[in-house]
Structures are given as C-alpha cells and as structure tokens.
Amino acid sequence: MIINKDVVAIDESLNHHARVCKEIGRTDEQIESYKADQYLNKLQGIDYEPLQHSINRLKKHRVELENDKQHAETDIYNRFEHYYS
C-alpha cells in the first residue's frame, strides 16, 4: 500500500493544530479559575500576590500558544496548497 506523504503531512499539521487549540482551552480554564480564586480572596480582604503572578504567567503562555496556533494554521494552508498544486 502506498501512502501519500502529502496526506500524512496534512494529518500531522491538523493534529498539531488540534493539540495547540486544546492547550489554549486548558490555559483559558486555568486563568479563569485563578481569577475566580483571586476574586474570592479579595472579597475576604486577602491580597494573595502569587495568584496574580500565576495569571500573568498563564496569559504570556497563552500568547505563545496563539502564535503557535497561527503558525500551525499557516502550515496547514501551505500543505493543502502543495497537495492540490
């Protein structure tokens, strides 16, 4: 059986994109969870600085993931273009 290398490359690109999107979702969930904890702490008069640092760190990680997602989308486009050319 002959496997078209272009199809395998497209599949790998799509899988990478899916993994990045799932990681973005998990990161968003963590950010929201930390924000909720931070809000509850503020209601109780507690200023727990490490939560804000964690939120900032996760936001930076999310920006990196968004960049990776953009690269993955470009890669998918290029591989489909190559396949259909």
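The values are calculated or read from the model by the stated rules, or taken from the named source; none is laboratory data. Being a predicted model, the structure only gives us computed values, none of them experimental. Virtual Cβ from ideal backbone geometry, glycine too; neighbours counted across all protein chains shown. These area figures cover heavy atoms from the full protein model, side chains too; ligands, DNA and RNA do not enter into them. Shrake-Rupley method; radii C 1.70, N 1.55, O 1.52, S 1.80 Å.
Descriptive notes on the structure:
- Matching residues in segment 1-35 - criterion: being open to solvent by 100 Å² or more (accessible area, probe 1.4 Å) and assigned to a helix (DSSP H, G or I): K5, E12, R19, K22, R26, E29, E32
- Scanning segment 36-85 for residues that are more than 26 Å from A18 (Cβ to Cβ), open to solvent by 80 Å² or more (accessible area, probe 1.4 Å) and in a helix (DSSP H, G or I) turns up Y39, L40, K42, L43, E49, H53.
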